[in-house]
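*Asks:* Below is a structure I'd like to ask you about.
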Amino acid sequence: MEKIDIKSLTLSELTEQIVALGEPRFRAKQVFEWLHKKRVFSFEEMTNISTKFQQLLDSRFYINSLNIAKKLVSQIDNTVKYLYELRDGEFVECVLMDYHHGTSICISSQVGCKMGCTFCASTIAGFVRNLTPSEMLDQIYFSARDSGRKISSVVMMGIGEPLDNYDNVLRFLELVSDENGLNLSLRHLSLSTCGLVERIYELAEHRLGLTLSVSLHAPNDKIRSKTMPVNRKYSVDELLKACRYYVDVTRRRVSFEYALIRGVNDSEKDARELAARLRGMLCHVNLIPVNRVEETGYHASEQDGVVRFQNLLLSLGINTTIRRTLGADINAACGQLRRNRHNFKR
């Protein structure tokens, strides 16, 4: 019989499994807390349950774990980048970043990515599979354990498209916010998507309180379709309509990520068109000088050009910030360590 990934079970699912084994319901909460609060590696460490029950659990379930394949620490700002090896030998990345409000972690949701955005390193080595809820949780748990830092916010902006792994991501959100586990308020979690429109509508109906972060990166279909293949299925108008719906239903501001690529999407005309499209929406634009990825040939806009773009958007009534660059000396943008490992294996 194939063992079950116990750390991916919600408390209600775990309770059902425990009761089916002939144990009282309260045992499920004990086991859940060992997994998600004390974060043990084995059933033998669960000292308030019998040896017999530990052995029974071990025969039916496994406790997922990750191995640190590589770790880079920035000498500039203490950003930490992890390359984790999964149980099947695949790799994902996550990044720990210190801000004035606390430590944030950027996690991956898939091994590779299907979306094919031309400026992104995550898609170059191809898509392999979705991550399980436990594999997403463990990026948080293992990074906190290794670094000794208390993680106060989570960003789902690493390798992969979270809404393409929709069911596992919803379960991860339930687990990470469970009061018997990490108990992270979803107001401290940001989910980034390139714009899977149907899923944005579905996510809105859950009213989870998280921040929806949309990778827009262009003011119109002509530019966006060249850099982001997803736009050939969902136009900018369709995407923004879904975003307005998300705001109306959740009363939560949408954040638009906009990677400035020199000579592609960073002109005054682009800024004015972007402002016109977003006017009247509860939103925020986060400007990002595009990461340097050797295969793309793209170059980041000059810093004064980024500031001009921001000032123009602000003058047109659009709340806009420039993302602070962290971990510049360790290439902290997601996808590059996995790509390098993939190339090495080939």
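*Asks:* Please list, in chain and number order, the residues 5+ apart from ILE322 or on another chain whose amide H is under 5 Å from its amide H, with Hs placed from the backbone.
*Replies:* Amide H to amide H, under 5 Å and 5 or more residues apart or across chains, ILE322 pairs with LEU287.
*Asks:* Need one number: nm distance between label points at ASP248 and ILE68, each 7 Å from Cα along Cα→Cβ, rounded to one decimal.
*Replies:* 4.9
*Asks:* Would you kindly state how much longer the chain becomes between ILE49 and LYS241 on full extension, computed as 0.36 nm times their sequence separation minus their alpha carbon distance, in nm to one decimal? Kindly include the intermediate steps, with their values, before the conclusion.
*Replies:* Working: separation 192, 0.36 × 192 = 69.12 nm, distance 5.23 nm.
Computed gain between ILE49 and LYS241 is 63.9 nm.
*Asks:* In addition: For the chain, what is the mean residue ellipticity at 222 nm derived from helices alone (per DSSP H run of n ≥ 4: -39500 (n - 2.57); sum divided by total residues; nearest 500 deg cm²/dmol)?
*Replies:* On the way: 11 runs with 123 residues, N = 346.
One gets -11000 deg cm²/dmol as the mean residue ellipticity at 222 nm.
*Asks:* Return the Rg/Rh ratio of the chain with Cα-based radii and a Kirkwood Rh.
*Replies:* 1.00
*Asks:* Further question on the same structure: Quick one: dipole size for segment 27-89, taken about the Cα centre, charges +1 on Lys/Arg Cβ and -1 on Asp/Glu Cβ, in debye to the nearest 20.
*Replies:* Values: 11 positive and 7 negative charges, 34 e Å.
Using only the charged Cβ atoms, the result is roughly 160 debye.
*Asks:* Which ³J(HN,Hα) values, rounded to whole Hz and listed in residue order, are derived for segment 214-219 from phi using the Karplus coefficients 6.51, -1.76 and 1.60 in 6.51 cos²θ - 1.76 cosθ + 1.60 with θ = phi - 60°, glycine and proline given as x?
*Replies:* Values per residue, Gly and Pro as x: 10, 7, 8, 6, 6, x Hz.
*Asks:* Right, here's the next one. Assigning unit charges at the beta carbon (Lys, Arg +1; Asp, Glu -1) and nothing else, what dipole magnitude in debye, to the nearest 20, does the chain show about its Cα centre? Before the final figure, lay out each step's value.
*Replies:* Values: 47 positive and 41 negative charges, 77 e Å.
Rounded to the nearest 20 debye, it is 360 debye.
*Asks:* Report the extension gain between LEU314 and GLU179 in nm, rounded to one decimal, defined as 0.36 nm multiplied by the number of residues separating them, less their alpha carbon distance. Could you put the intermediate results ahead of the total?
*Replies:* Details: separation 135, 0.36 × 135 = 48.60 nm, distance 3.95 nm.
Full extension of this stretch gives 44.6 nm more.
*Asks:* Follow-up question, since we're still on this one. Exactly which trypsin sites (Lys or Arg not before Pro) in segment 184-272 are in a DSSP loop and have at most 16 other Cβ atoms within 10 Å?
*Replies:* Details: sites: ARG187, ARG199, ARG207, LYS222, ARG224, LYS226, ARG232, LYS233, LYS241, ARG244, ARG251, ARG252, ARG253, ARG262, LYS269, ARG272; in loops: ARG207, LYS233, ARG251, ARG252, ARG253, ARG262.
Those that pass, being in a loop and sparsely packed, are ARG207, LYS233, ARG251, ARG253, ARG262.
*Asks:* May I pose another question? HN-Hα J couplings of segment 148-160 from phi, Karplus 6.51/-1.76/1.60, θ = phi - 60°, integer Hz, Gly and Pro as x?
*Replies:* x, 9, 8, 8, 10, 8, 10, 10, 8, 9, x, 5, x
*Asks:* Then there's this: As an exercise, identify the trypsin sites (Lys or Arg not before Pro) in segment 13-81 lying in DSSP coil whose Cβ has no more than 15 other Cβ atoms within 10 Å. Provide the component values of the computation, followed by the final result.
*Replies:* Values: sites: ARG25, ARG27, LYS29, LYS37, LYS38, ARG39, LYS52, ARG60, LYS70, LYS71, LYS81; in loops: ARG25, LYS37, LYS38, ARG39.
Hits after loop and neighbour filter: ARG25, LYS37, LYS38.
*Asks:* Using the Cα centre as the reference, give the magnitude of the dipole from point charges on the C-beta atoms of segment 161-216 (Lys, Arg: +1; Asp, Glu: -1; all else neutral), rounded to the nearest 20 debye.
*Replies:* Numbers: 4 positive and 9 negative charges, 43 e Å.
Its charge dipole is roughly 200 debye.
*Asks:* Here's something else I'd like to know. Ranking SER12, SER122 by Cβ neighbours within 10 Å, fewest first, what do you get? Write down the numbers at each step before the final one.
*Replies:* Values: SER12 10, SER122 27.
By the 10 Å Cβ count, ascending, the order reads SER12, SER122.
*Asks:* In addition: Order by neighbour count: SER108, SER74, fewest other Cβ atoms within 10 Å first, most last. Walk me through the numbers before you get to the answer.
*Replies:* Working: SER108 28, SER74 20.
Arranged by neighbour count, lowest to highest, SER108, SER74 become SER74, SER108.
*Asks:* Using the Kirkwood radius over C-alpha pairs as Rh, can you work out the diffusion coefficient of segment 4-62 via Stokes-Einstein at 20 °C, viscosity 1.002 mPa s, in µm² per second?
*Replies:* Details: Rh = 11.2 Å.
The diffusion coefficient I find is 191 µm²/s.
*Asks:* Among SER59, ILE18, TYR99, which residue has its Cα positioned farthest towards the positive end of the charge dipole of segment 1-101, with +1 placed on the Cβ of Lys and Arg, -1 on the Cβ of Asp and Glu, and the dipole taken about the Cα centre?
*Replies:* Working it through, the farthest residue towards the positive pole turns out to be ILE18.
*Asks:* Give me TYR62, TYR201 ranked fewest to most by other Cβ atoms within 10 Å of their Cβ, as a rough exposure proxy. Mind showing how you got there, number by number?
*Replies:* Working: TYR62 17, TYR201 14.
Exposure proxy ranking, most exposed first: TYR201, TYR62.
Read-outs throughout are calculated quantities, based only on the coordinates presented, and are distinct from any laboratory measurement. Here the structure is a predicted model, which is why all the values come from computation and not from measurement. FYI the Cβ positions are ideal-geometry reconstructions off the backbone, even for glycines, and counts take in every protein chain you see.
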